[in-house]
Amino acid sequence: MSKKITIPILWLLVILLFGWAWRDISLAALVNTFRQLSLASLLLLFIVNAGILLLFGSRWWLIVRALGHPVSYFALAAYRLSAFGVSYFTPGPQFGGEPLQVYLLKKRHDIPTEIGLASVSLDKILELLANFTFLMLGVLFIVSQGVFFQEIAGMLIFTSAGIVFFLLAYLVVMLLGKTPFKRLFILLPPLRRDAPRLNTIRQTLLDAESQIGAFCRQQPHVILQATMLSALIWLAMLGEYALVLHLFGIQTDVLSVLALIVFARLAFLTPLPGGLGALEAGQVYAMQMLGFNPLLGMSISLFVRVRDSFFGLLGLWLGSVYNRYYENS
């Protein structure tokens, strides 16, 4: 489908989702809901979110250090925030900022491109593995309670399980010393000798895969530690969502927290930038099905939208600062 058709369809979908979410909600009531939050509550939420943002960089920091490049933790956290800014405002399921991470490692720390790409790829693999494992288990629990996803439970669980299996299989294959990308390139038609750029990209991908394979074989304990960090990150995000619900006066239980965060994750998997419209509609629908006022769903989604937009813009600003610095140096 051409871009001229795709973009209008996506924006039409955004408008429809926003229209459905706002159909029974007034702006005045939404403002009054936020007025119930004290300054201390907002400060607490900011501190918690800042802490979780720092925690997001822990897995990548561990991997980069294990690859022999002891880059500052806060520097990597800033690079990851810059990448988040690119991904958040890019149409698609939260991808797009990874090349910026590789670029910043190369420019600021002289880390070879293949090593930077290996570190970012491995971090992303472990992140996706944790995300889809959580999504699969979350949907299984919610379905067992008979509230959501009864009609599409099979598709959600099958898709999540398939992605988890594929990622685990890739790591196992790499652990065994195999190189799937190299085998794939062998099957493809050979590149022309007069295409040096394409040949460079191909070789960089192969070198990065070799780095990942060597890492998996030589440092499996780091993979285990990074996996444990993924679990810690998810526990922190669940705790943060429970805190937000509590501050909005919503009775928190495992089902409520899981349902709302699963709907949020599904929204971010849509081809809409930042899950625009899908997040709002999903939170409103979840609140209705849980027996709460849909106004609370819009309040939660607005909080998430403002939070993510703020940190996304902060990340873009940091990325532009780094880029200007190296253009002028």
Footprinting exposure proxy for His109, His221 (fewest neighbouring C-beta atoms within 10 Å first): His221, His109
Once you list every other residue whose beta carbon is under 11 Å from the beta carbon of Ser121, what net charge do they have if Lys and Arg are +1 and Asp and Glu are -1? -4
Among Leu238, Phe181, Thr252, whose Cα lies farthest out toward the positive end of the dipole of the chain, if unit charges sit on the beta carbon of Lys, Arg (+1) and Asp, Glu (-1)? Phe181
If you line up the long axis of helix 278-290 against the longest principal axis of the chain, both from Cα atoms, how many degrees apart are they, to the nearest 10? 50 degrees
With only Lys, Arg, Asp and Glu charged, each at its Cβ (+1 for the first two, -1 for the last two), find how big the charge dipole of segment 35-328 is about the Cα centre; round to the nearest 20 debye. 740 debye
Distance between Cα centroids, segment 64-138 to segment 35-53: provide it in whole Å. 26 Å
Within segment 60-122, which chymotrypsin sites (Phe, Trp or Tyr not before Pro) sit in a loop by DSSP and count at most 14 neighbouring Cβ atoms inside 10 Å? Phe95
If you line up the long axis of helix 73-88 against the longest principal axis of the chain, both from Cα atoms, how many degrees apart are they, to the nearest 10? 70 degrees
Report, to the nearest 10°, how far helix 3-22 tilts away from the longest principal axis of the Cα atoms in the chain, using its own Cα long axis and a range of 0 to 90°. 30 degrees
Listed residues Gln288, Thr204, Ala66: farthest to the positive end of the dipole of the chain (Cβ charges): Thr204
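Restricting to Cα pairs below 8 Å that are 6+ residues apart, what does the relative contact order work out to for segment 35-328? Please round to a whole percent.
Computed over segment 35-328, the figure is 27 percent.
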Between Val164, Ile5, Ile47, whose Cα lies farthest towards the positive end of the dipole of the chain when Lys and Arg beta carbons carry +1 and Asp and Glu beta carbons carry -1, centred on the Cα centre? Ile5
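For Leu238, Leu104, which order do you get if you count the other beta carbons within 10 Å of each Cβ and list the fewest first? It would help to have the intermediate numbers written out before the result.
Details: Leu238 16, Leu104 25.
Listing Leu238, Leu104 from fewest to most nearby Cβ atoms yields Leu238, Leu104.
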Ranked Arg202, Arg324, Arg108, criterion: other C-beta atoms within 10 Å, fewest first: Arg324, Arg108, Arg202
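None of the figures in this text is laboratory data; all of them are computed from the coordinates on show. For clarity, every value in this text was computed on a predicted model and none was experimentally measured. Reconstructed Cβ throughout: ideal geometry from the backbone, glycine too, with neighbour counts over all protein chains shown.
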